[in-house]
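Written below as structure tokens is the structure these notes are about.
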Amino acid sequence: MSDALREWVEGLHDGVVRLPRCTRCATWNWYPRPVCRRCGGSDVIWLEVGNVGHVHTWTEVVQAVDTVEGLRTPYVAALITPMGAPDARIPMLAAECARIPAIGEEVAFEVTDTAAGRTITFCQHTR
Ligand SMILES: [Zn+2]
């Protein structure tokens with residue numbers, strides 16, 4: 001496992017979402033890459049991004065994907081933009097409490113164990 005993936009997996013193990021941020025220009029680079037997509041810098045710091053974000057896009061999966069075991073169709077997969085890392089889009093699954101999301105809608109997310117393994121799920125955010 002690469003160092004970059006190790007940081008991601010350790011964050012999920014700890015129950016938090018951590019992402020790499022460039023120490024030179026503060027851009028969040030997700031997925032991890034050898035150099036920053038904005039400034040070309042190569043030093044990053046991994047930081048927790050909180051647990052609230054917005055729906056960037058989503059899709060409903062109705063036909064099982066062979067490479068993802070344990071997910072019962074249909075399910076909703078989305079890219080969520082964490083408020084704490086507005087340059088990033090994180091893939092997540094809708095939790096059972098979620099209704100079909102709207103683009104831009106605020107959601108709360110958490111690291112949880114699902115039938116597909118440890119993943120990040122979201123629900124509409126209620127204050
Ligand atoms: Zn940078």
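The values are calculated or read from the model by the stated rules, or taken from the named source; none is laboratory data. Nothing here was measured: the structure is a model prediction, and the numbers come from that model. A quick note on method: Cβ atoms are made from the backbone with ideal geometry, for glycine too, and the neighbour counts reach across all protein chains shown.
On the given criteria, is A85 small (G, A, S), within 17 Å of the chain's Cα centre (by Cα) and surrounded by 12 or more Cβ atoms within 10 Å (Cβ to Cβ)? Quick ask: steps written out before the conclusion?
Numbers: small (G, A, S): yes; within 17 Å of the chain's Cα centre (by Cα): yes; surrounded by 12 or more Cβ atoms within 10 Å (Cβ to Cβ): yes.
In short, yes.
Can you run down the residue pairs with Cβ atoms below 8 Å, 6 or more apart or on separate chains, where the first is in segment 3-21 and under 22 Å from C36 (Cα atoms) and modelled with pLDDT of 90 or more and the partner is in a helix (DSSP H, G or I) and hydroxyl-bearing (S, T, Y)?
Between residues of segment 3-21 that are under 22 Å from C36 (Cα atoms) and modelled with pLDDT of 90 or more and residues that are in a helix (DSSP H, G or I) and hydroxyl-bearing (S, T, Y), there is no close pair.
Within segment 101-127, take every residue that is in contact with a Gly (Cβ under 6 Å, 6 or more places away or on another chain) and among the small types (G, A, S) and give me the one that is farthest from R33 (Cα to Cα).
A115
From the list A26, A64, A98, exactly one residue is among the aliphatic types (A, V, I, L, M), surrounded by 15 or more Cβ atoms within 10 Å (Cβ to Cβ) and out of contact with any Gly (no Cβ under 6 Å at 6 or more places or on another chain). Which is it?
Working: A26 fails: surrounded by 15 or more Cβ atoms within 10 Å (Cβ to Cβ); A64 fails: surrounded by 15 or more Cβ atoms within 10 Å (Cβ to Cβ).
Of the residues listed, the single one that is among the aliphatic types (A, V, I, L, M), surrounded by 15 or more Cβ atoms within 10 Å (Cβ to Cβ) and out of contact with any Gly (no Cβ under 6 Å at 6 or more places or on another chain) is A98.
I'm told Y75 meets every condition in (1) away from the ligand (no atom under 16 Å from the Cβ); (2) surrounded by fewer than 16 Cβ atoms within 10 Å (Cβ to Cβ) except one. Can you identify the failing condition by its number?
(2)
G50 is checked against (1) at pLDDT 95 or above; (2) in a loop (DSSP other than H, G, I, E, B); (3) within 16 Å of the ligand (Cβ to nearest atom); (4) of a type outside the set (F, W, Y) and fails just one. What number does that condition carry?
(3)
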